[in-house]
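Colleague: Please read through the structure below; I'll follow up with questions.
The values are calculated or read from the model by the stated rules, or taken from the named source; none is laboratory data. None of the values given here were measured: they were computed from a predicted structure. Methodologically, a virtual Cβ is constructed for each residue, glycine included, from the backbone with ideal geometry; neighbour enumeration extends over all protein chains shown. Side chains included, ligands, DNA and RNA excluded: accessible areas come from the protein's heavy atoms. Shrake-Rupley method; radii C 1.70, N 1.55, O 1.52, S 1.80 Å.
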Amino acid sequence: MSNSAPYSIQRVNPIELCKKYDSPLYVYDADKIAYQYEKLTSAFDVKTLKIKYACKALTNLSILKYIHKLGADIDTVSIQEIQLAMKSGIAPKNIFYTPNGVSFDEMQQAIELGVFVNVDNISTLEKLGEKYGSSIPVCLRINPHILAGGNLKISTGHINAKFGISIHQMNEVLDIVNKYGIDVQALQQHTGSDLLDADVFLKVAEILFDTAKKFKNLKALDFGGGFKVPYKEGDITTNLDDLGPKISNRFNAFCEEYGKELELWFEPGKFLVSESGYLLASVNVVKPTPTTTFIQLDTGLNHLIRPMFYDAYHHITNISNPNAEKKIYSVVGYICETDTFAWERPVEEIREGDILAFHNAGAYAIMMASNYNSRPRPAEVLIYEGKDYLIRERETLEDLMKGQTIVDF
Ligand code: LLP
C-alpha cells in the first residue's frame with residue numbers, strides 16, 4: 001500500500017483547502033470510495049450481492065447519497081441514522097436497521113418507517129411476535145461465538161459479546177418464531193472490525209449455513225462488515241481476490257443445498273470510507289524537550305480519538321514539506337490531557353505553520369469526535385471530480401451554546 005494521498009485528492013491542493021476552509025479540516029475523496037465499492041462488488045460471483053454501507057463510519061448526508069448512488073444500501077444502528085439516510089434521499093426499503101439493545105419503541109419507529117429490522121435479542125423477538133405476528137419480515141442477528149477483530153473493543157462475535165443471539169439459543173428462537181409465525185427472511189452476523197484473518201468469514205459462513213437450515217423462508221444471509229484496511233505500510237489487508245471466490249463458491253453451493261438462490265449481503269464501513277478521508281491539521285508549536293520533540297497541533301483526541309482509544313496507528317504526512325528528510329517527532333493534540341497521536345514517529349521535517357495530514361480519517365473520525373475542551377468540530381470537504389465541496393460547515397461558538405439556557409440566579 002502506498003501512504004501517499006491517492007486519487008482525486010491529488011488534483012487538489014490540501015494546503016489551499018486549509019486556506020479556503022481553515023484548519024483543522026476533514027477531507028474525503030469520492031473517487032477512493034467509488035474505487036473501494038467497485039473492488040468489493042467485483043470480488044464476489046453470486047446471483048445477488050448487496051452491499052449495505054455501515055454508515056456509523058461516516059454519516060455525512062452527501063456521503064450517504066454518494067454511496068447509495070454507487071449502488072449500496074445503508075446499514076444503520078439508530079433511528080437517527082435511519083432519519084439521516086432518509087434525509088439524504090434514500091428510500092426506507094434500501095435501509096437496514098441493526099441496532100443493539102435499543103428500546104422496543106425505537107424498534108417500532110423503524111418498522112413504521114418501513115425499514116427492514118435486524119433483531120439481536122430474544123426479548124425483542126418475543127415482543128415483535130406479539131405485536132406484529134407474521135406481518136413484517138425480520139432478520140436475526142446471530143452471535144457465532146468466534147473471537148475476531150482488531151481489538152476486544154471492536155470484537156463483536158465472541159461468547160462474551162453483548163451482540164446478537166447465541167447460536168446456542170436457536171431452539172428458544174425457533175419456539176418464538178413458530179409460536180407467532182414470525183417471517184424470518186435473513187440471518188446476519190458481524191464478528192468484528194479490522195478482521196486480520198479473512199478465513200474468519202469462511203468459518204462464520206459455515207455457522208450461518210448451519211443455522212440457516214433451521215429457517216425455511218430466508219432470502220438473504222448477511223456476513224457483516226470488518227474487512228481490514230491498511231493503516232500503515234505493510235499492514236495485512238483482507239485479500240478479496242482470495243476471499244471473493246472462496247466465499248462465492250461456498251455460498252453458491254449452500255444455496256443449492258438450501259434449494260433457493262439467497263442474496264449475499266455485507267455491511268462494510270471502514271472498507272468503503274476509511275482510506276478516503278484525511279484530517280488536515282496545522283502545527284501550532286514545535287516543542288523540543290529533554291526527551292522528545294513534541295509537535296503540537298490545532299486538533300486533538302476530540303477530532304480523532306482512535307489513537308488514544310484503540311492505540312490505533314494513523315499515518316501522518318507533512319504535506320507542507322513532503323520531500324524533506326524525516327525526523328523523529330511525538331505528534332500530540334491540544335487537549336488538556338494526554339492525547340498522543342504518534343510517539344517518536346518519523347515524519348518529514350516539521351516547522352511551525354506546516355499542515356499535517358492524518359490518513360484513514362474517513363471512518364470513525366468525525367463520527368467519534370466530540371466538543372471536549374469546548375472546541376468546535378472541523379468542517380468536512382468532499383473532493384468530487386476534482387472539485388472541492390463544503391459538505392459540513394465548521395462548528396461555531398453558537399453551536400456549542402445551542403439549547404443551553406443560563407439560570408437567572
Ligand atoms: N456491521 C455491524 C453490525 C457493525 O457493528 C459494524 C461496526 C460494521 C458492520 C462495520 O464494521 P467495519 O466494516 O467498519 O469494520 N470505532 C471502531 C470500529 C467500530 C465498529 C463498530 N461496528 C474503530 O474506529 O475502529
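Colleague: Against the condition assigned to a strand (DSSP E or B) and either farther than 21 Å from Ile15 by Cβ or in the same structural domain as Tyr231 (by TED's automatic domain parsing) (or both), how does Ile335 come out, does it pass? Before the answer, list the steps.
Modeller: Details: assigned to a strand (DSSP E or B): no; either farther than 21 Å from Ile15 by Cβ or in the same structural domain as Tyr231 (by TED's automatic domain parsing) (or both): yes.
In short, no.
Colleague: What is the number of the single condition among (1) open to solvent by less than 30 Å² (accessible area, probe 1.4 Å); (2) touching a Cys at 6+ places or on another chain (Cβ under 8 Å); (3) aliphatic (A, V, I, L, M) that Ile82 does not meet?
Modeller: (2)
Colleague: Could you list all residues from segment 358-386 that are without any contact (Cβ under 8 Å) to a residue 40 or more places away in the chain and either in a loop (DSSP other than H, G, I, E, B) or open to solvent by less than 60 Å² (accessible area, probe 1.4 Å) (or both)? Full working, then the answer.
Modeller: Of segment 358-386, the ones without any contact (Cβ under 8 Å) to a residue 40 or more places away in the chain are 374, 376.
Once the filter is applied, which keeps residues that are without any contact (Cβ under 8 Å) to a residue 40 or more places away in the chain and either in a loop (DSSP other than H, G, I, E, B) or open to solvent by less than 60 Å² (accessible area, probe 1.4 Å) (or both), segment 358-386 yields only Pro376.
Colleague: Only residues that are within 11 Å of the ligand (Cβ to nearest atom) and open to solvent by 10 Å² or more (accessible area, probe 1.4 Å): list them for segment 290-305, please.
Modeller: As a first pass, look at segment 290-305 and keep what is within 11 Å of the ligand (Cβ to nearest atom): 304-305.
Across segment 290-305, the qualifying residue is only Ile305.
Colleague: Another question about this same structure. Please verify whether Asp175 is of a type outside the set (A, V, I, L, M), open to solvent by less than 40 Å² (accessible area, probe 1.4 Å) and under 22 Å from Asn217 (Cα atoms), treating the condition exactly as stated.
Modeller: no
Colleague: Given the condition within 16 Å of the ligand (Cβ to nearest atom), assigned by TED's automatic domain parsing to the domain that holds Lys287 and in contact (Cβ under 8 Å) with a residue 40 or more places away in the chain, answer yes or no: does some residue in segment 387-408 qualify?
Modeller: No, every residue in segment 387-408 fails to be within 16 Å of the ligand (Cβ to nearest atom), assigned by TED's automatic domain parsing to the domain that holds Lys287 and in contact (Cβ under 8 Å) with a residue 40 or more places away in the chain.
Colleague: Taking the condition within 13 Å of the ligand (Cβ to nearest atom) and open to solvent by less than 10 Å² (accessible area, probe 1.4 Å), does Gly277 pass? Lay out the reasoning, then the answer.
Modeller: On the way: within 13 Å of the ligand (Cβ to nearest atom): yes; open to solvent by less than 10 Å² (accessible area, probe 1.4 Å): yes.
Considered against the rule, which asks whether it is within 13 Å of the ligand (Cβ to nearest atom) and open to solvent by less than 10 Å² (accessible area, probe 1.4 Å), Gly277 comes out as yes.
Colleague: Return yes or no: is His190 buried (at least 22 other Cβ atoms within 10 Å of the Cβ) and under 28 Å from Glu130 (Cα atoms)?
Modeller: Yes; evaluated as a whole, the condition is true for this residue.
Colleague: Out of Leu152, Leu113, report the one residue that is without any contact (Cβ under 8 Å) to a residue 40 or more places away in the chain, open to solvent by 40 Å² or more (accessible area, probe 1.4 Å) and within 13 Å of the ligand (Cβ to nearest atom).
Modeller: Working: Leu113 fails: within 13 Å of the ligand (Cβ to nearest atom).
The unique qualifying residue is Leu152.
Colleague: In addition: Could you tell me how many of the residues in segment 58-69 are more than 17 Å from the chain's Cα centre (by Cα) and touching a residue at least 12 places away in the same chain (Cβ under 8 Å)?
Modeller: First, pick out the residues of segment 58-69 that are more than 17 Å from the chain's Cα centre (by Cα): 69.
After this cut, where a residue has to be touching a residue at least 12 places away in the same chain (Cβ under 8 Å) as well, the list is none.
Result for segment 58-69: 0.
Colleague: From Ala342, Ala324, grab the single residue that is more than 28 Å from Ile63 (Cα to Cα) and either outside the structural domain of Ile383 (by TED's automatic domain parsing) or surrounded by fewer than 16 Cβ atoms within 10 Å (Cβ to Cβ) (or both).
Modeller: Ala324
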